[in-house]
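No value in this document is a laboratory result; all are computed from the given coordinates. These numbers come from a predicted model, not from an experiment. Glycine gets a Cβ as well: all are built from the backbone with ideal geometry, and neighbour counts include every protein chain shown.
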Amino acid sequence: MAPAEASAARVAADPRTAREVDGGRRLRRADVLVAVATAVVSLALLLGLPYLDAVDPDTIGHPLSAPEVGSADWTAVALGLLVQSAVLLAARRLPRAVLLAVAAVPVLVVAVTSGGDLFGLTALPVVVAVVLAALRVPLTRLWPSVVGAAALVSAGTAGNWIELNGALSGRSLADALGDALPQGVTQAIGAVGLPVVVALVVRSRREVRAARDAEVAARTAEASAAVREQDARVDAAVSRERAAMARELHDIAAHHLSGIALMSAVIDRQIDTDPTAAHEGVRQVREQSTAVLEDLRRLVGLLRDDAPAERAVETVAGIVDLVERARYRSDVRLEVLRGAHEVAEGVGPLAQLAAYRTAQEALANAALHAPGAVVTVTLDDRAVDHLELTVENAAPAVSAPSADAPAGPGEPTPEGPGAGGNGLRGMRERADLVGARLQTGTTPDGGWVVTLRLGRETPEVTR
């Protein structure tokens, strides 16, 4: 296989190499288009300005001083413009050298011509070279070339003004340069200074846009990773919770059914001897049966796996340890408002498990959706008939995206962190499971609050 064919085969086999080669070709075509466009516009002005001045002459200033088409001076200016445009082809590889070379050509043109108004057209390629260099080279490395180009433009313009106005006739060179220098400085500002400013503005906007795109891409990748991690954590939590609830179902059902069996045996002996006590026993059996049926009704829709639980079911008391562990990743504060009774007294095991899981999910959501925010966990156990758990986080410490950007991880949506996902839905399912009341929403300061109120099964024990 020939070397050219082998190279083409390698390019076709590697998509990244193919993209790089194709991109290089596009860049080279762009360089050629810029050079050709500069040459065409410059020559068109060189040919058209004398005609336009003849059609509509300037009655205020002096007439246009332009050499005849085809004359030596005209040819020198045209060749200078073509040379400047041709040098622009190397602007991508040697931007600083190209800038100096393009600015030096007008000095050579002045040296071989007698001057004229059309000499100002040589500033057009200089403007193009300045813009291309400023877009590709940092100003800290470009400024020597910019100063050199400005000096060359000033020198060429001053020389052309001296030639055009015959300033050396009967005057010293110093006097002539003193009169011509303002013209050269003005031309340098217009051909070099202003294009540099415009190019720097364009470059800064381009860099800001690139940085914003990179930040958006990083946030998107981070959000995707967080979603995948959250999904995996939810799947694992669901499996553990199903096993734990199955064990709780076993314990509760065994407790209720054992009591029903014992009371049934007692009732069998009391029917003839103590009918009043037997009636009371039947009432208690009915209450126990209603309780176990209610628990079964709440669990039957959620339990799909009878695998044994690997650890004990969490309780309200475990929220203290949960907060301690969460402090390793964020600023979490715990406030326990205790009554005259034991913590969570009268709250059943399933309800305590729901409270623990709700606190766990709320802390995880706060860490994910409000990084750096202070999180306050309040366990209010003072009321006689209920226990209230509140998890509230302040506004995210990370700045929010712009208004036209999609909502990021640090922005609670109108339905709150986890809306549309498994987090908030899991909280609601657990609350419904134990007959609790769950409330979620934003706070006035832009944060998020989750409140779970659990009723006590036997409120009379707290009196």
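Structural remarks
- Summing charges over all other residues whose Cβ lies under 12 Å from the Cβ of A91, with Lys and Arg as +1 and Asp and Glu as -1, gives +4.
- With a Förster radius of 60 Å applied to the C-beta separation of A397 and V147, the computed FRET efficiency comes to 0.85.
- Protection-proxy order for peptides 448-455, 106-113, each taking the mean of Cβ atoms within 10 Å per residue, highest first: 448-455, 106-113
- Length added when fully stretched, R28-E207, from 0.36 nm per residue minus Cα-Cα: 62.2 nm
- As a rough guide to protection, the peptides 274-285, 81-92 ranked by mean Cβ packing within 10 Å, highest first, stand as 81-92, 274-285.
- Extension gain, T186 to H341, is 46.9 nm, computed as 0.36 nm per intervening residue step minus the present C-alpha separation.
- Fully extended contour minus Cα-Cα distance, from T443 to E324, at 0.36 nm per residue: 40.4 nm
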